[in-house]
Ligand code: AMP
């Protein structure tokens, strides 16, 4: 079981900013920007690489929820970045699909 499943089951506390039947979003415990939210599906999917056609609507909803949270937190005009890390080279540390919403400061590009 990953830490994110424990957050879904409320076994581990988190600063939750959004929840619906399929999706949960909470503040990252080690924020890399003034706004750093993690958006996850409640179903266990390891990463985008493990997703299939049946997950298409859910993947789309994760992006739309991220945009909604960015609007709610007031960073849509200034801008933000959505990132999903995959496996070792992608820097994925929690093996439960998630999107990082990062904003509140100028982000550099390209990533290191
Ligand atoms: P990744 O490295 O892309 O797998 O992202 C995992 C993210 O989850 C990291 O940014 C961690 O800081 C974050 N994280 C790990 N444990 C927790 C937790 N208990 N509550 C909130 N965020 C967490």
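The values are calculated or read from the model by the stated rules, or taken from the named source; none is laboratory data. Bear in mind the structure is a predicted one, so any value in this text is a computation, not a measurement. Methodologically, a virtual Cβ is constructed for each residue, glycine included, from the backbone with ideal geometry; neighbour enumeration extends over all protein chains shown.
Structure notes:
- Extreme residue, nearest to the chain's Cα centre (by Cα), among residues of region 33-42 that are in a loop (DSSP other than H, G, I, E, B) and surrounded by 13 or more Cβ atoms within 10 Å (Cβ to Cβ): 42
- Total residues in region 84-94, condition at negative phi and either crowded, with 19+ Cβ neighbours inside 10 Å or in a loop (DSSP other than H, G, I, E, B) (or both): 6
- Which listed residue, of 27, 10, is more than 20 Å from residue 88 (Cα to Cα), within 13 Å of the chain's Cα centre (by Cα), within 14 Å of the ligand (Cβ to nearest atom) and free of Cβ contacts under 8 Å to residues at least 40 places away in the same chain: 27
- Number of the exception - residue 97 against (1) at pLDDT 95 or above; (2) more than 11 Å from the ligand (Cβ to nearest atom): (2)
Okay, residues lined up against (1) in a loop (DSSP other than H, G, I, E, B); (2) in contact with a helix residue (DSSP H, G or I) (Cβ under 6 Å, 6 or more places away or on another chain):
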{"site": "4", "(1), (2)": "no, no"}
{"site": "12", "(1), (2)": "yes, yes"}
{"site": "21", "(1), (2)": "yes, no"}
{"site": "26", "(1), (2)": "no, no"}
{"site": "54", "(1), (2)": "no, no"}
{"site": "71", "(1), (2)": "no, no"}
{"site": "75", "(1), (2)": "yes, no"}
{"site": "82", "(1), (2)": "no, yes"}
{"site": "96", "(1), (2)": "yes, yes"}
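- Candidates 88, 61 - the one that is farther than 23 Å from residue 105 by Cα and more than 15 Å from the chain's Cα centre (by Cα): 88
- Candidate set from region 73-82 (those that are more than 13 Å from residue 33 (Cα to Cα) and without any contact (Cβ under 8 Å) to a residue 24 or more places away in the chain); member that is surrounded by the fewest Cβ atoms within 10 Å (Cβ to Cβ): 77
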